[in-house]
Amino acid sequence: MTSQERSPGYTGERHPELFKERPAKGNKPGQLSRAQLDEFYTRGFTLVRDFFAKEELDALKVDIVAKVSELADKLYNASKIKDKHEGLGFYHRLCAIERDFPGANIVLLKMTPNLPPSFRAIAAHERMLNLLEDIVGPNISFNPVWNLRTKTPNNAASTVPWHQDSGYFDVESYNALIVTAWVPLLDANEQNGTLQMVPGCHRDGYIAKHTCCAGPTWYIDLDEDIIEKEFGVDMAKDPVTLDVPYGSFLLFNNFTPHRSLNNRSDVVRWSIDFRWQRTGTPAGLFGLKPTCEVRRDGEPNFRPDWVPAKLLLASTLGTGTEPSWSPWPGTIAQPTSSASSCPVLG
């Protein structure tokens with residue numbers, strides 16, 4: 001049955017096999033402990049502590065700072081703001097620009113359609129790919145949905161309601177396990193808008209019915225009553241609020257219901273989410289964007305070929321003001337025998 005013949009976004013299918021057939025546990029740098037793997041499979045998520053070196057996260061921040069400066073220059077030159085707030089730091093400058101020009105955080109995302117170099121380094125991070133081998137196997141591809149989250153204080157457009165990630169994907173990908181690493185660029189906590197998860201709801205590999213849209217956004221929404229009915233949980237006590245220290249990340253799957261909280265602090269809660277899956281499984285982006293092969297079994301010198309593509313890609317998912325895809329044409333090169341030829345995704 002094609003996606004056009006189904007009810008949009010809902011099939012009722014279940015894929016519990018995704019969480020029963022586990023690859024063999026490896027012993028490479030970066031891989032999860034058996035307890036962490038068990039938590040990922042039984043609860044649908046696990047906190048991976050102290051994974052990134054300071055230099056790796058600093059590189060991400062340098063690329064983001066450059067984009068914020070570019071944003072300030074554009075708004076200033078267009079007479080939209082009178083002060084570029086150059087004296088403010090990484091966690092405060094976008095807040096000030098946003099106060100002067102509401103929606104600046106969304107404009108910033110529009111200016112970041114391609115995966116910056118430091119982001120690519122995380123997407124093909126050696127220890128991260130080792131970790132993922134224990135979940136998706138030795139042939140790994142990067143999913144085209146990545147997001148730079150510009151979560152300014154008390155901003156409805158960056159407060160994401162309950163959902164399963166596959167609610168944004170096409171139904172042809174509902175039998176694919178897609179793994180997310182949510183990487184905050186500060187100590188994420190309840191005050192500044194960390195994530196909440198509902199444990200155990202992923203085990204049947206089932207995507208519940210979502211509605212659209214939540215408030216004045218394009219976010220889909222998974223009603224708490226539906227979560228309770230479909231997954232047999234108590235939404236008054238079962239959701240878990242996760243503090244994620246700087247240098248750590250939250251690992252979860254595309255079936256686990258989750259949401260972000262409102263940022264009640266006075267700083268930007270910067271975060272980036274990356275996704276990977278087994279090579280050959282559907283990307284979920286309606287045929288518009290492919291996955292990018294980042295590891296190939298038996299080829300230790302394999303490297304992805306990040307080829308620029310003129311696409312506004314799935315980083316717009318993080319704005320809450322547009323769908324998770326944009327049907328704008330671009331050129332995507334074909335893979336070669338020695339490397340994966342990939343669009344600069346996101």
Rg over Rh, two decimals, segment 89-221 (C-alpha only, Kirkwood Rh): 0.96
Treating every alpha carbon of segment 2-80 as one equal point scatterer without solvent, the Debye formula yields log10 I(q)/I(0) values at q = 0.24, 0.25 Å⁻¹ of -1.14, -1.19
Just want to confirm a number: the relative contact order over the chain, from Cα pairs under 8 angstrom separated by 6+ residues, in percent. 27
Give me Rg/Rg_expected for segment 221-279, where Rg uses Cα atoms only and Rg_expected = 2.2 N^0.38 Å with N residues. 1.39
The percentage of Cα-Cα pairs in the chain separated by more than 37 Å is 13
Stokes-Einstein diffusion coefficient for segment 207-247 at 10 °C in a medium of 1.306 mPa s, Rh from the Kirkwood formula over Cα pairs: what value in µm²/s? 130
Any chance you could tell me what percent of the C-alpha pair distances in segment 27-126 go past 23 Å? 46
I need the peptides 285-294, 251-260 ranked by packing, meaning the mean over residues of other C-beta atoms within 10 angstrom, with the highest value on top. 251-260, 285-294
In segment 154-305 the accessible area split gives carbon plus sulfur, as whole percent at 1.4 Å, a share of 45
Would you work out the relative contact order for segment 177-321, in percent, from Cα pairs under 8 angstrom that are 6 or more residues apart? 38
The Cα radius of gyration of segment 163-263, divided by 2.2 N^0.38 Å with N its residue count, comes to 1.08
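The values are calculated or read from the model by the stated rules, or taken from the named source; none is laboratory data. Bear in mind the structure is a predicted one, so any value in this text is a computation, not a measurement. Ideal geometry is used to build each Cβ from the backbone, glycine not excepted, and the neighbour counts take in all protein chains shown. Surface accessibility is based on the protein's heavy atoms, side chains included, excluding ligands, DNA and RNA. Shrake-Rupley method; radii C 1.70, N 1.55, O 1.52, S 1.80 Å.
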